[in-house]
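Everything on this sheet refers to the single structure shown next.
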């Protein structure tokens, strides 16, 4: 079940939203809700990954110098092949 919220956007954004909704044959509400859903999903994922990384770092879970060098060699070889 959906719920109603009210947001304020500038006139230019509203016009762009209207044009996009018309081109998609959707309502402005649908397009705005999809944009908000995608934004929330992306940011939830990023924040969760950052928190996980901070927990690992606080626990001393870092790559060794040898592991970092191995990854650098791998990517350097791939870059050389593409050049």
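Values in this text are rule-based calculations from the coordinates and carry no lab data. Just so it is clear, the model here is predicted, and its values are computed rather than measured. In this analysis, Cβ positions are derived from the backbone assuming ideal geometry, glycine residues included, and neighbour counts consider all displayed protein chains.
Just one of (1) surrounded by fewer than 10 Cβ atoms within 10 Å (Cβ to Cβ); (2) at negative phi fails for residue 25. It is (2).
If the condition is being assigned to a helix (DSSP H, G or I) and within 14 Å of residue 33 (Cα to Cα), then the range 3-23 contributes 14, 17, 18, 20, 21. The single residue among 38, 32 that is part of a helix (DSSP H, G or I), surrounded by 10 or more Cβ atoms within 10 Å (Cβ to Cβ) and in contact (Cβ under 8 Å) with a residue 24 or more places away in the chain turns out to be 32.
Please work out if residue 51 is over 23 Å from the mean Cα position of the chain (by Cα), part of a helix (DSSP H, G or I) and either touching a residue at least 40 places away in the same chain (Cβ under 8 Å) or surrounded by 10 or more Cβ atoms within 10 Å (Cβ to Cβ) (or both). Steps first, answer last, please.
Working: over 23 Å from the mean Cα position of the chain (by Cα): no; part of a helix (DSSP H, G or I): yes; either touching a residue at least 40 places away in the same chain (Cβ under 8 Å) or surrounded by 10 or more Cβ atoms within 10 Å (Cβ to Cβ) (or both): yes.
No: the conditions fail for residue 51.
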